[in-house]
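Quick notes on the structure that follows.
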Amino acid sequence: MEIEVLSTSGSKPLFTLTGLAPSTTIKEIKDQIYRKKKALYPERQSIRLEVKGSSLKDSEPISSFGLKSGAKIFLKDLGPQIGWKTVFLAEYAGPLFVYLWFYTRPWYFYGEGAASQPISQCTKIAALCWSVHYAKRLFETVFVHRFSHSTMPMFNLFKNCSYYWLFTAYVAYHVNHPLFTPPSDTQMYVSLGLFGVSQLGNLSIHVALRNLRPPGTTVRKIPMPTSNPFTGLFNLVSCPNYTYEFGSWASFTAMTQCLPAGLFALAGLYQMTVWAIGKHKLYKKEFSNYPKGRKAILPLLI
Amino acid sequence: MMEKSEGTLSPFVYWAQTDSVATLKVDLKSVKDPHLRIKEETVEFSANGVGAQGLKRYSFALHLSAAIDPDKCSLKVTDRQVDLTLCKTKKAWWPRLTAKPQKPAWLKIDFDKWKSEEDFDEDETRDIRRDFPEIYDKLQKEELGYRRESAKKIYLAIYNLLQFIGFSYVLIVMYIRHYKSGAESMEGTYEAVGPAMKFIQLMQFLEVLHPMFGYTKGSALTPFLQVTGRAIILFVMIEAEPRMQTKPVVFYLFLVWSMIEVVRYPYYITQLYNMENSILTWLRYTIWVPLYPLGFLCEGVVIIRDIPYYEETNRFSISMPNKWNFSFYLPTVMRIYLLFLCVPMMYFMMSHMYRTRVKKLGPKSWIRKYN
């Protein structure tokens, strides 16, 4: 059978695909289109039944959409794509290097002679915490996370890296400053402890989510607490990984008593709350038996 | 006020309609012994009840504008009133209830029914007024003697008018001073119109509240960014640094700002009252082309010339050490704005205006592309 492919911008006819069967999958259609136009690799294509419709899944056969010979489908070019893993590695490696660079107190930001000034215990611990956090993230990107999509738009690389790298510079400049004043030891060590707990919690959730999904699939199940006590937070929120993440940065702020770090924590909280609410709604829509008491990100609150 | 018709008292009757039904609300309380006679084009009603003349027997007769189906009519008596529902034989809008143009004095319009459709079983929950706006206005005028204007609209019209007057005042004063002393007048610009400019600038924060309270469409974020940006230039860059106030760039900046506003506010007024003025519309969607870049340029000049002053005075800056390990150095922020933010922001604002221009002024073939 034949199907006509139209563009979503202006509904121009682009290709006519031939030799299709009802069992042909969307993925195979994308491969055919790719063969006709080299620039449009499959990850860059979004196939829909209407110009503004939702993207059809790769694994579905065309028969499940009731498409017969002569039917029309729409192709949207998602723009240049880049792999999720690539983006994550770039955006997490940056903070590691940028923060440690500020730790050496370059003359450009601090003036001459700043590097020879004494470094407080708090500044050293903060640098360690920051590095551990981002090293952990890089580790998780390579060994723990399972991604639902393989790519995202190229522009996101620029956007995400700017966010992480510039905020790192902003926080690092202040914590590593020769005139940085640490809080009391009690405050520092208690916050450090909380930071450690939050890091372990965050890692536990990531591992639990990984084990929730069989390898190579994009199966979705309701996340539940496991034998790891840190995962108990699942009883209270849908996205405890974000809860722990905010916990880490709130602790870091208390540990350094640094307003820029607080701003970074709040910015992250805002973004993660938006994501958490989206995920929470998706869970509730997908699973009719989704636990009722759970909130999205902050227990009992949001 | 009662009128005797055929020797009997008439009650007040309020009528309303949809395109398939006409309703009569007879204003009689504690009605007893109602008599109703309905034919294809006439309605006769009488009953004992409490009306404007107390407990009496009231009656009325109506010769209708078009035919109704007597079998489908319904009568409902409550303690407060009597509701009559008449089904029109043919679905149509009746210009009047009665066949004759002269309306009896006891027949009034039921404005409440015109607002909501709750009493009807029909699916239509539309506001009829939208379909026949002129008729509603005409009826209101006939009934009440005047047309009620929406308070929101009046407020917005007054706001836009006052702002227009404010910015015109600035332009006029600047023009007169320039006419009298040429380039020398520029130095005293801030002294002459600065207070007025500060006042109308602050008033512009109302434009952030308008979308928040539903007075105008759109998001509150755009006006917030625009008004805040200008406020920073005016209050932080100029007001707070006296040495900036006597520079000629202030003259040019006020000129550019005022020229934009003096077109924008009257344009809004024409939109409020649906009195499209093609010249004004064209101006509003075209003068931004030269004026936005000029505005950004003047603002940029103000900022760049202020940098040495703020490095000297350190105003608005916070340095370390302090309890919150926080530092803010205004000259650095000013530099970052000029180097990295100024051009993208201008691009963003101008492309937004361009899109709105195409939507408003065409060419028609482009409109779909920008939608």
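At a glance:
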{"item": "Every pair of residues 6+ apart whose Cβ atoms lie under 8 Å, when the first sits in the range B:323-337 and is away from every other protein chain (no Cβ under 14 Å) and among the aliphatic types (A, V, I, L, M) while the second is open to solvent by 80 Å² or more (accessible area, probe 1.4 Å) and part of a helix (DSSP H, G or I)", "result": "B:Met334/B:Ile304"}
{"item": "Of all residues making up the range A:78-96, the number that are touching a Ser or Thr at 6+ places or on another chain (Cβ under 9 Å) and free of Cβ contacts under 8 Å to residues at least 60 places away in the same chain", "result": "3"}
{"item": "So A:Tyr173, is it closer than 19 Å to A:Phe102 by Cβ, open to solvent by 30 Å² or more (accessible area, probe 1.4 Å) and more than 14 Å from every other protein chain (Cβ to nearest Cβ)", "result": "no"}
{"item": "Unmet requirement for B:Arg264, which otherwise passes all of (1) of a type in the set (D, E, K, R); (2) within 14 Å of chain A (Cβ to nearest Cβ); (3) part of a helix (DSSP H, G or I)", "result": "(2)"}
{"item": "Yes/no for A:Ser9 being under 21 Å from A:Thr151 (Cβ atoms), assigned to a loop (DSSP other than H, G, I, E, B) and open to solvent by 70 Å² or more (accessible area, probe 1.4 Å)", "result": "yes"}
{"item": "Qualifying residues in the range A:211-232 (those that are under 20 Å from A:Glu286 (Cβ atoms) and in a helix (DSSP H, G or I)) - the one least open to solvent (accessible area, probe 1.4 Å)", "result": "A:Leu212"}
{"item": "Unmet requirement for A:Lys30, which otherwise passes all of (1) surrounded by fewer than 16 Cβ atoms within 10 Å (Cβ to Cβ); (2) in a helix (DSSP H, G or I)", "result": "(1)"}
{"item": "Which listed residue is open to solvent by less than 50 Å² (accessible area, probe 1.4 Å), among the polar types (S, T, N, Q) and away from chain A (no Cβ under 14 Å), from B:Thr270, B:Thr313", "result": "B:Thr270"}
{"item": "Subset of the range A:55-84 [part of a strand (DSSP E or B) and among the acidic types (Asp, Glu)]", "result": "A:Asp77"}
{"item": "Single match in B:Thr98, B:Thr42 (criterion: at pLDDT 85 or above and under 40 Å from the mean Cα position of the chain (by Cα))", "result": "B:Thr98"}
{"item": "Residue list for the range B:76-101, filter: of a type in the set (Lys, Arg), part of a strand (DSSP E or B) and open to solvent by 60 Å² or more (accessible area, probe 1.4 Å)", "result": "B:Lys76"}
{"item": "Elements of type strands (runs of 3 or more DSSP E) contained in the range B:1-75, each with 3 or more residues being open to solvent by less than 40 Å² (accessible area, probe 1.4 Å)", "result": "B:13-17, B:21-26, B:42-51, B:54-63"}
{"item": "Residues within the range B:16-75 that are among the acidic types (Asp, Glu) and under 21 Å from B:Trp93 (Cβ atoms), tallied", "result": "4"}
{"item": "Restricting the range A:75-120 to residues that are out of contact with any helix residue (DSSP H, G or I) (no Cβ under 8 Å at 6 or more places or on another chain) and of a type in the set (D, E, K, R), the residue that is least open to solvent (accessible area, probe 1.4 Å)", "result": "A:Lys76"}
{"item": "Hits in the range B:293-310 - residues which are of a type in the set (Ser, Thr, Tyr) and open to solvent by less than 30 Å² (accessible area, probe 1.4 Å)", "result": "B:Tyr310"}
{"item": "Identity of the residue in the range A:233-287, farther than 26 Å from A:Pro223 by Cβ and outside any helix (DSSP H, G or I), that ends up farthest from the other protein chains (Cβ to nearest Cβ)", "result": "A:Gln257"}
{"item": "Which numbered condition B:Phe251 fails, given (1) surrounded by 15 or more Cβ atoms within 10 Å (Cβ to Cβ); (2) under 20 Å from B:Thr270 (Cβ atoms)", "result": "(2)"}
{"item": "Among the residues listed as B:Ser319, B:Ser351, B:Ser327, the single one being crowded, with 17+ Cβ neighbours inside 10 Å and modelled with pLDDT of 90 or more", "result": "B:Ser327"}
{"item": "Candidates A:Ser54, A:Ser59 - the one that is open to solvent by 70 Å² or more (accessible area, probe 1.4 Å), touching a helix residue (DSSP H, G or I) at 6+ places or on another chain (Cβ under 9 Å) and of a type in the set (Gly, Ala, Ser)", "result": "A:Ser59"}
{"item": "Those helices (runs of 4 or more DSSP H) lying entirely in the range B:269-371 with at least 1 residues within 30 Å of B:Lys247 (Cβ to Cβ)", "result": "B:278-284, B:288-313, B:330-336, B:342-361"}
{"item": "Cβ-Cβ under 9 Å pairs, at least 6 apart or on other chains, the range A:1-21 side within 14 Å of chain B (Cβ to nearest Cβ), far side among the small types (Gly, Ala, Ser)", "result": "A:Thr8/A:Ser46"}
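The values are calculated or read from the model by the stated rules, or taken from the named source; none is laboratory data. These numbers come from a predicted model, not from an experiment. Quick reminder, even Gly has a Cβ in these numbers, built from the backbone with ideal geometry, and neighbours come from all protein chains shown. Quick note on the areas: whole protein, heavy atoms, side chains included, nothing else; ligands and nucleic acids left out. Shrake-Rupley method; radii C 1.70, N 1.55, O 1.52, S 1.80 Å.
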